Amino acid sequence: MGYSGAVKVGGPADVHELTDLMISKVAVGPMNNNAYVLRCRATDEQLLIDAAADPHTLLSLIGDSGIASVVTTHRHGDHWGALSEIVDATGARTYAGRYDAEGIPVPTDVPVEDGDTLTVGRVELTARHLVGHTPGSIALVYDDPHGAPHLFTGDCLFPGGVGNTFGSAENFARLIDDVEHKLFGELPDETWVYPGHGNDTTLGAERPQLAEWRKRGW
């Protein structure tokens, strides 16, 4: 069986095996959050995206080799619920968007700006700052030299639409502008999208709906 990205709370992780990177996806917590462990295949260094909940589940996924870093995609509590426990257990360095760091109760070691590079072993990830769901949400892009890019979007892009902007027309306009310009405008259709909740998608599957999303306003 190949990778599908379909996971459920209490179920096993699904593993996407790339040439240089292993991506393990697991669902945790009452909000059905996705967490991702990225492992560099050359060095075995690991990075966690969103220590959302269920620290025992996350630590089991991380395994004995630990993690070097943990990235929080944004300030909402369902994405950092296990962050304190994970940092205490692993000593991982913490990353978050500069404009969301103040809303995360665990100190952010490295505030992230748009375009910053993060590393896991020999693999590089590029941060994209996306405004609207929160002031400082970040997405992470892995531009795989052996294939399609891989994009971790937090709560800014899902199958069927952008993230919740809580009834604010201004925030919706900012978010869809950022998503359209920084993600759809720069990455190809085959880009694999790993969201903060639910199933994966691709930019190609979502691109034809952009005009509809703008028209409906959410």
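Just so it is clear, none of the values below were taken in a lab; they were calculated from the coordinates. Predicted model only: the values in this text are computed from it and were never measured. In this analysis, Cβ positions are derived from the backbone assuming ideal geometry, glycine residues included, and neighbour counts consider all displayed protein chains.
For LYS25, list the lysines whose Cα falls under 19 Å from its own Cα; do not include residues on the same chain fewer than 8 positions away.
LYS8
Is any residue of region 164-193 close enough, with backbone N under 18 Å, to a label point placed 7 angstrom from the Cα of GLU124 along the Cα-Cβ axis, and if so, which?
Taking a point 7 Å out along Cα→Cβ of GLU124, the residues of region 164-193 whose backbone N falls under 18 Å are 186-188.
Report, by chain and number, residues whose modeled amide H sits under 5 Å from the one on ASP114, excluding near sequence neighbours (fewer than 5 apart, same chain).
Result for ASP114 returns HIS129.
Could you tell me whether region 17-134 comes out rounded, prolate or oblate from its Cα gyration tensor? Rule is a ≥ b ≥ c as square roots of the eigenvalues, rounded for a/c under 1.5, then prolate if a/b exceeds b/c, otherwise oblate. Don't skip to the end; give the middle numbers.
Values: a/c = 1.56, a/b = 1.14, b/c = 1.38.
Note, shape of region 17-134 comes out oblate.
Each residue of region 163-170 in turn: what ³J(HN,Hα) in whole Hz from Karplus with 6.51, -1.76, 1.60 and θ = phi - 60°, glycine and Pro shown as x?
x, 5, 10, 6, x, 8, 5, 5
Which of the trypsin sites (Lys or Arg not before Pro) across region 1-80 are loop residues per DSSP, with 11 or fewer other Cβ within 10 Å? Before the final figure, lay out the partial values.
Working: sites: LYS8, LYS25, ARG39, ARG41, ARG75; in loops: LYS8, ARG41, ARG75.
Answer by residue number: LYS8.
Determine ³J(HN,Hα), in whole Hz, for all residues of region 80-86 in sequence, where each value follows from phi through the Karplus function 6.51 cos²θ - 1.76 cosθ + 1.60 and θ = phi - 60°; x replaces Gly and Pro.
Result, ordered by residue: 10, x, 10, 4, 4, 5, 5 Hz.
Could you go through region 106-123 in sequence order and give the Karplus-derived ³J(HN,Hα) for each residue, using 6.51 cos²θ - 1.76 cosθ + 1.60 with θ = phi - 60°, rounded to whole Hz, and x for Gly and Pro?
Karplus-based 3J(HN,Hα) across region 106-123 equals 7, x, 8, 5, 10, x, 9, 9, 4, x, 5, 9, 10, 10, 10, x, 8, 9 Hz.
Between PHE166 and ASP143, take the C-beta separation as r, use R0 = 25 Å, and let me know the FRET efficiency to the nearest 0.05.
On the way: r = 32 Å, r/R0 = 1.27.
It comes out at approximately 0.20.
So how do THR90, THR126, THR72 line up by other beta-carbon neighbours within 10 Å, fewest first? Could the numbers behind the result be given before it?
Numbers: THR90 20, THR126 17, THR72 29.
Exposure proxy ranking, most exposed first: THR126, THR90, THR72.
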